[in-house]
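Working notes, beginning with the structure itself.
The values are calculated or read from the model by the stated rules, or taken from the named source; none is laboratory data. Model, not experiment: these values are computed from the prediction. Cβ: placed from backbone, ideal geometry, glycine included. Neighbour counts: every protein chain shown. We work out accessible area using only protein heavy atoms, side chains counted, and drop any ligands, DNA or RNA first. Shrake-Rupley method; radii C 1.70, N 1.55, O 1.52, S 1.80 Å.
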Amino acid sequence: MSVMIQERLSSSSLENLRTAAELEFTREVFESDNYCSLEVLTPDVHKLYIVNRNDCTLTILGITKDMAVTKETIFTQNIVSLKESFVDYSMKENTPPVKLELELWGGRQLIIEPGLSTSQDKSYKQPEVLNQVTEDFERLIAALKNTIILK
């Protein structure tokens, strides 16, 4: 899991996101099975979503175009609901989710959509990268489901 994400974050456009993750978590975030990570690139902010299975947290690291770094940590027991969205779901082909919608206490919604990355970095259109990102997304969802306490 983490070796591939570390390689993707080594590109010149994403190395700052990797550096922020390494400063915050040391290299543990890429080397430990306790973490599941997924990067999502949007026009304004590059984000790295990190689920820590031990601490039952979801951390969102973000880097804006002007190099501002943001970090938010959400305890998974504060997640009220989790909804996976699919496009043309097929039981036969086991279609992966395209989006995850989380509702937090207080009515706040958080949407994680890894497909946005393809518009920001053409390497995310390559089949091997696309497949790896899909796997990372499914692992992130599984990790959340393993730690989440739905109220």
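Residues that are assigned to a loop (DSSP other than H, G, I, E, B), open to solvent by less than 60 Å² (accessible area, probe 1.4 Å) and either in contact (Cβ under 8 Å) with a residue 24 or more places away in the chain or within 19 Å of Glu135 (Cβ to Cβ) (or both) within the stretch 64-94 comprise just one, Ser90.
Look through Lys71, Lys99, Lys65 and report the one residue that is basic (Lys, Arg), in contact with a Ser or Thr (Cβ under 9 Å, 6 or more places away or on another chain) and more than 21 Å from Gln6 (Cβ to Cβ). If you could, list the steps in order and put the result at the bottom.
Numbers: Lys71 fails: more than 21 Å from Gln6 (Cβ to Cβ); Lys65 fails: in contact with a Ser or Thr (Cβ under 9 Å, 6 or more places away or on another chain).
After applying the criteria, what remains is Lys99.
Taking the stated definitions as given, is Leu130 open to solvent by less than 70 Å² (accessible area, probe 1.4 Å), within 24 Å of Ala21 (Cα to Cα) and among the hydrophobic types (A, V, I, L, M, F, W, C)? The answer is no for Leu130.
Just to verify a result, which residue in the stretch 10-42, among those that are in a helix (DSSP H, G or I) and touching a helix residue (DSSP H, G or I) at 6+ places or on another chain (Cβ under 8 Å), is most open to solvent (accessible area, probe 1.4 Å)? So, considering only residues that are in a helix (DSSP H, G or I) and touching a helix residue (DSSP H, G or I) at 6+ places or on another chain (Cβ under 8 Å), the one most open to solvent (accessible area, probe 1.4 Å) is Glu31.
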